[in-house]
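Derivation of every value follows stated rules applied to the coordinates shown; laboratory data play no part. Note that the coordinates shown come from a computational prediction; the quantities given were computed from them, not determined experimentally. Don't worry about glycine lacking a Cβ; one is built from the backbone with ideal geometry, like all the others, and counts go over all protein chains shown.
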Amino acid sequence: MEVKNKVAVVTGAGSGIGRALAQKFAQEGARVVVCADMNGDNAEETALSLGDVGTAMTLDVGDEAAVNALIEQTEQSTGGIDLMVSNAGYAVRGGLEIPTEEWVNMMRVHTWSHLNAARAVIPKMASRGGGYLLNTASAAGLLTQMDSGPYAVSKHAAVALAEWIAINHYDDGIRVSVLCPQAVRTNIDANLSSDDAAQASFDGVLEADVVADACLDAIREERFLVLPHPEVETYFQRKANDYDRWLGGMRRFKERMKTQ
């Protein structure tokens, strides 16, 4: 799919990857780019940077009613959404000690948000012959996140949901890409643990606009996995080829990080 003359909605558009995607869509000639974010001021700032094609909305992606309202409003005002980008997310560190409520909220933001958007937009897209979903997950959705149990689980679920949609709604004209980057320069100091930082030192920290370019390429090619860090594909293949060996390697990596 080409973005030119299309209507796009981007959640988490107030900063980072979401802002970079919104700006790239505008540069590519999108007709309308709706910039949605929990922080309405940041969403407005992104929209203003796009010129006449940008509009801003305040949105909690975990609120299904709010997502439905945004999509219905956009459909009515633009004639139909062509590209739905579910990108919002956040980070929290820890594992079994984290309260269940935090695990639930991580699922709400990283998985149910994609479900909310898909439920609302796919029937409308299908009625017009098709459309595109770009869902942000993480390399953690293919591999894992050593220092955050709920992050790893919610991102795995996000990838699985995208797979399911890609299989079951292909004949409706729905195409799906899922973004699985490693470290991206988006408040990196606040969100990276020592484990994450160590991995980033091996594979590099990418700028958000580089990740956005990779997404545009995937959308044009209608390719499912978006892997701005090519190393992730290698790690994923190693995991699939020998799961126990991969787990052992991750445990050793974790121990090395404790001594540094």
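Principal-axis analysis of the Cα atoms of the chain puts helix 113-127 at an angle of about 40° to the longest axis. Taking amide H atoms as placed 1.01 Å from N in the peptide plane, the amide H of Met57 lies under 5 Å from those of Cys35, Ala36, Asp37, each 5 or more residues away in sequence or on another chain. Evaluating 6.51 cos²θ - 1.76 cosθ + 1.60 at θ = phi - 60° for every residue in the stretch 209-218, the Karplus couplings come out as 6, 5, 5, 4, 4, 4, 5, 4, 4, 5 Hz, glycine and proline recorded as x.
Modelled label positions at Lys254 and Asp217, each set 7 Å beyond Cα in the direction of Cβ, lie 3.3 nm from each other. Measuring between their Cα centroids, the stretch 134-152 and the stretch 14-50 lie 24 Å from each other. Going from the fewest other Cβ atoms within 10 Å to the most, the residues Ser127, Ser113, Ser15 appear in the order Ser127, Ser15, Ser113. A simple packing score, the average count of other Cβ atoms within 10 Å per residue, orders the peptides 150-156, 135-141 as 135-141, 150-156, with the highest score first. Near Glu207, the amide H atoms lying under 5 Å from its own belong to Arg185; only residues 5 or more places off or on other chains count, and H is placed 1.01 Å from N.
The residues neighbouring Arg220, those whose beta-carbon lies less than 14 Å from its own, together hold a net charge of -2 under the Lys/Arg +1, Asp/Glu -1 convention. For the stretch 59-69, the Karplus equation 6.51 cos²θ - 1.76 cosθ + 1.60, evaluated at θ = phi - 60°, returns couplings of 8, 9, 5, x, 9, 4, 4, 5, 5, 4, 5 Hz by residue, with Gly and Pro reported as x.
The slack between Leu225 and Gln73, meaning 0.36 nm per residue of separation minus the straight C-alpha distance, is 51.7 nm. Could you tell me how many degrees, from 0 to 90 and to the nearest 10, lie between the Cα long axis of helix 194-203 and the main elongation axis, the longest principal axis, of the Cα atoms of the chain? With rounding to tens, the tilt is 80 degrees.
Each of Leu206, Leu225, Leu96, Leu134 was scored by other Cβ atoms within 10 Å of its Cβ. Listed from fewest to most, they are Leu96, Leu225, Leu206, Leu134.
Using the Cα gyration tensor of the stretch 1-89, with a ≥ b ≥ c the square roots of its eigenvalues, what is the shape: rounded (a/c below 1.5), prolate (a/b larger than b/c) or oblate (neither)? The shape class here is oblate.
Using the structure shown, select from Lys4/Lys24; Lys6/Lys124; Lys24/Lys239; Lys155/Lys254 the pairs with a Cα to Cα distance greater than 22 angstrom. Let's see the in-between values first.
Values: Lys4/Lys24 11 Å; Lys6/Lys124 15 Å; Lys24/Lys239 33 Å; Lys155/Lys254 20 Å.
Too far apart for the 22 Å limit: Lys24/Lys239.
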